[in-house]
Amino acid sequence: VSDQKPLGCWSVKHGQIITCPVVCNFETHEYIAVHDDKVLRIWKNADINLDKVFKATLSADVYRIHSLPNGGPVVLFKGGGVRTLDVLLEAPQQEIENVISDEVIKWSEAFMEGQQPVLIFATEKDEGFFVYVQKLKMNSLHKYRLEQRELSKPLSFTAYIKDGFIMLLCLYSNDAVYKVLIPLQQHSEEEEQILSKSLLLNLSVSGSVLKGTSFVVLDKDHIAVLGSLAASGEESKECLTIWNTKFQTLQTSKELPLGTSGQLWCYEEKFFFTHGKVLTVIMYKCEPSSLAAAVGKLKDSQTPDVSSFVNWDTLEAEELVVSFQSQQSVAPKSESRMTLRSKRNSVAKVQPDTLSVGQRLLNLKDASTTVFEDELRQLMSKAQMPDFQASIGCVITALINRCKTNPKYYPQTFLLQIVQTRDLSYSLCPDLMAVALEKKDVHLLQICLQRFPDIPEEITYACLKVFLSISEAYLKKVDVNLESVICYIDIEFNNKEVKTEVVENGFNAELEQDIWDTKITKQTHRTPDGEVCPVGPQKAALLNAVLHSAYSETFLLPHLKNLPAQQAVLFLRYLYYLYVKCSEKINTALPGIRSPTINQIMDWMCLLLDAHFTVMVMLPEAKELLSKLHKFVRAQVRFYSELNKIEGSLRELQRLNHQKDFQTYSIEVLELI
């Protein structure tokens, strides 16, 4: 998810519909899907076509498959019947009993109680709600009816096991969350017991009510609710909220203006939800809640403008830190409160006996440049500070905010020092590269491309466009790291040309000298075989940083199509030059540090041709380049085809040599037919 790179994709035939979420079998590392309610499919990563993978047609409709880490997959049918996957595969057409009559399953979940798989599901019939608990190994099934006193009904469920009880939480239509306790050890023989519920949380603050659609449990004191905030006289807004159930307070909120699907997932301290057309991932961290912090939030929440709802996308990082930690210094040392770190903002925990990071940054808002930078350096020097990386993110955000408010201020050296010495990511300081692009700080952009693993494709494309558009004369005046090109591009030092060694890779393809002289490029570097590098070493080093960045073809291609034709041709010429250089070496690898690999070069060439093929065909200046590229690839294909012809003989020779026991000296003549 952080690299936004698809790892696999599988499709069913036209007309078929996947009818329940696909799960992974943790024991066999296989995927399990159901399409058209009854058709089971099982496959592995290496499989490409779903039509050729394992298929089983079942006798009843499947509602959901649950995969347990130590208990294997469990299949729940729409009629309430339950089977483990192993038992089901022994006889796929076995009869599945109907446990529920005229009831519709609304939700289900599975747990492991020791070595015992436990399945719980909720059903609805005639506006009444029922809960079923099944222990698979004991083959015991218990049915309960949810207590219903008012007109409201449950909209969403979640559950977890604690102290021998199933803690069932229900989000009701009256904007409240209720808790229901279900004992795991059930000795009563009653056919249908009534479950009483107790109020856990009211989803209202300052006269505004949250209309929740889904929610998840974060820990024993916190839940996250996705829904619409409806204030009197105002249009409702979708948002993600974090609530403290222990002190009945709203902790924080993120407004989602592009809308959501109403679904919220939580996995390994990360939220997953759709926002508009994208999947949004937000990291969080829960710690035992403190009374001081909760009271502080409660005080904030009583203001009429609902100031406790924090917009994580627009609020400055230092303000966010303070709003989270304004009461932290009052709490005992053993107590701390929940800290959230989102994709857009980073939140630092605070040492109880000192000012918080946010408070320090707020105090420095009006400080002079010298004092401001000195204080930030002191803050960064405290390596023992909790959540250090998040604090560094706040420091960078403070620097960027000052750059935005004061256009003449740009601490390039300070920013370079932070990026080069700290293990950061794009999500920790998302505005950094945007400001660097605005300032055309190519050195900082180069370092970010080399060190950040999660740069969005839009930013990668923006860097590429800037690098291609900047003149060679300008690049000669700026500092650029040349370690990725110095070993294979001929660079002049004091009018003396340094040549690189060339080793032919088994073929002799005559390559014509480049005759172009575009306005973009004035400096060229000729290799011994006559091929010319179309860009200078500085620009080549910057383009190499782009080639190294992670990307998803699906997200990058639409941006790449917007690259101006002249720049696209220049970039393709450079990629072709690298392709030729790689093929000169026996190991098809360029020398140097962080030099592009042959796979990266080929992938980008294919991407560029996919994005601009029509333009390339129509442009007269691109025709010769495409012709040369075609000849070169054809020569390589011919060469590797010849190698393939003797591959069998070479393998047989290797096998014969292993079988023979050579003495001290021997001569053997082998004839290859």
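With respect to Thr241, determine if the residue is open to solvent by less than 30 Å² (accessible area, probe 1.4 Å), touching a Ser or Thr at 6+ places or on another chain (Cβ under 6 Å) and modelled with pLDDT of 80 or more. When the stated conditions are applied, Thr241 passes them. Here the helices (runs of 4 or more DSSP H) wholly within segment 395-497 that include at least 2 residues being over 29 Å from Val580 (Cα atoms), open to solvent by 10 Å² or more (accessible area, probe 1.4 Å) and among the polar types (S, T, N, Q) are 412-421.
Put simply, of Ile515, Ile598 the only residue that is modelled with pLDDT under 90, aliphatic (A, V, I, L, M), open to solvent by 20 Å² or more (accessible area, probe 1.4 Å) and not assigned by the TED database to the domain that holds Ile486 is Ile515. Does segment 605-622 hold any residues that are more than 36 Å from the chain's Cα centre (by Cα) and loosely packed, with under 12 Cβ neighbours inside 10 Å, and which are they? Val617, Met618, Pro620, listed by residue number.
Hey, any hits in segment 97-104 for a residue that's among the hydrophobic types (A, V, I, L, M, F, W, C) and open to solvent by 40 Å² or more (accessible area, probe 1.4 Å)? Can you show your working first?
Of all residues in segment 97-104, those among the hydrophobic types (A, V, I, L, M, F, W, C) come to 99-100, 104.
Filter again for open to solvent by 40 Å² or more (accessible area, probe 1.4 Å), leaving 99, 104.
Yes, segment 97-104 contains a residue that is among the hydrophobic types (A, V, I, L, M, F, W, C) and open to solvent by 40 Å² or more (accessible area, probe 1.4 Å).
Right, Ser152: under 23 Å from Gly262 (Cα atoms), among the small types (Gly, Ala, Ser), open to solvent by less than 80 Å² (accessible area, probe 1.4 Å) and touching a residue at least 12 places away in the same chain (Cβ under 8 Å) or not? Yes: the conditions hold for Ser152. Here Thr252 clears all of (1) surrounded by 18 or more Cβ atoms within 10 Å (Cβ to Cβ); (2) out of contact with any helix residue (DSSP H, G or I) (no Cβ under 8 Å at 6 or more places or on another chain); (3) more than 22 Å from Ala122 (Cα to Cα) except the condition numbered (2).
The values are calculated or read from the model by the stated rules, or taken from the named source; none is laboratory data. Everything quoted here is computed from the prediction, not taken from an experiment. Quick reminder, even Gly has a Cβ in these numbers, built from the backbone with ideal geometry, and neighbours come from all protein chains shown. Protein only, heavy atoms only, side chains kept; ligands, DNA and RNA dropped before computing areas. Shrake-Rupley method; radii C 1.70, N 1.55, O 1.52, S 1.80 Å.
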